[in-house]
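Student: Sending over a structure as structure tokens; questions will come in a sec.
Every number in this text was worked out from the coordinates using simple rules, so none of it is lab data. Note that the coordinates shown come from a computational prediction; the quantities given were computed from them, not determined experimentally. Reconstructed Cβ throughout: ideal geometry from the backbone, glycine too, with neighbour counts over all protein chains shown.
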Amino acid sequence: MALVFLRVPAVGSLDLAAALAQRLPIDTAIIALPDIKAEDLNLMTEQLGVRLTNMLVVPDLFTFEYLWAATRNIGGVLGIEL
């Protein structure tokens with residue numbers, strides 16, 4: 001059974017994200033990886049961005065700069081819209 005948070009299912013692992021976005025009717029991804037390097041996050045968002053309409057990133061609030069970025073409340077957690 002998939003993990004579900006606020007009626008949003010976690011449908012697969014990070015390795016499967018691009019393939020799932022291509023095969024399933026997914027238009028939005030929520031990325032919550034506080035320990036990811038900025039370069040890896042950029043690469044991931046570039047790869048997923050061609051397949052998805054919306055991406056929300058839950059940042060590491062201590063290292064992520066989000067000035068002027070659009071934000072969204074995801075069940076009480078800050079999300080940054082890309």
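Student: Let me have the 222 nm mean residue ellipticity of the chain computed from DSSP H runs of 4+ only, each contributing -39500 (n - 2.57), with the sum over all residues rounded to the nearest 500.
Tutor: -6500 deg cm²/dmol
Student: Would you mind checking the tilt of helix 38-49 against the longest principal axis of the Cα atoms of the chain, expressed as 0 to 90 degrees and rounded to 10?
Tutor: 40 degrees
Student: Could you list which residues have their amide H under 5 Å from that of Ala29, counting only those 5 or more apart in sequence or on another chain, with H placed in the peptide plane?
Tutor: For Ala29, whose amide H was placed from the backbone, the distant partners under 5 Å are Asn54, Met55, Leu56.
Student: Could I have the simple spin-label model distance between Asp60 and Asp27, label points 7 Å from Cα toward Cβ, reported in nm to one decimal?
Tutor: With each label point 7 Å from Cα toward Cβ, the separation is 3.3 nm.
Student: Work out Dmax and Rg for the chain from the C-alpha atoms and quote the Rg first, both in angstrom.
Tutor: Reported Rg and Dmax, both Å: 12.6, 38.
Student: Then there is this: So if R0 is 41 Å, what FRET efficiency would Val11 and Glu39 give, r being the distance between their Cβ atoms, rounded to the nearest 0.05?
Tutor: Rounded to the nearest 0.05, the efficiency is 0.95.
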